[in-house]
Amino acid sequence: MDDRRSKPRLSVSLDARWESETEVRHARVTNLSEGGCYLDSVGEVRSGEIVGFRVLLPNGEWVYLEGEVRHTGGGTGFGVKFLELIEEQTRNLQWLLRIAQEAGPSDPPISADLVEE
């Protein structure tokens, strides 16, 4: 399969939430680049759809991102291309990518898990 990504993706493991028309859905961001990410999640989206989602950072803060759905995994996840990130979003994304890259290939992916009481 031809890989058309312009920026390399790094493995991560970050909790996320995205909203469908009727409910909030949980997801896990499993890879990330400056240009987009993949969300493992149950739920239907359409290619070309704009999806807003929040990602839990390892420092416990949430960052809001928006992206265009570029491909779907048949109800088990989807890849998005980020849209017009503001400075704070870009800064958080670069920070995440830096710590993921510093972890190296033999270390487990960076992780931020939501603990619900």
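All of the numbers you see were taken from the coordinates with simple rules; none came from a lab. Given the structure is predicted, the values throughout are model-derived calculations rather than measurements. Don't worry about glycine lacking a Cβ; one is built from the backbone with ideal geometry, like all the others, and counts go over all protein chains shown.
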Please give the length that would be gained between His71 and Leu83 if that part of the chain were fully extended, namely 0.36 nm times their separation in residues minus their C-alpha to C-alpha distance (nm, one decimal). 2.8 nm
Mind giving me the nanometre distance, one decimal, between the label points for Val24 and Asp40, set 7 Å out from Cα along Cα→Cβ? 2.2 nm
Long-range HN-HN contacts of Trp62 with modeled amide H, under 5 Å: Leu57
Please compute the Cα-Cα pair-distance distribution of the stretch 18-101 with 5 Å bins starting at 0, giving whole percents from short to long. 3, 14, 28, 28, 17, 9, 2, 0
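Starting from the Cα-Cα distance between Arg91 and Ser11, subtract it from 0.36 nm times their residue separation and give me the gain in nm to one decimal. Let's see the in-between values first.
Values: separation 80, 0.36 × 80 = 28.80 nm, distance 1.85 nm.
That pair, Arg91 and Ser11, stretches by 26.9 nm at full extension.
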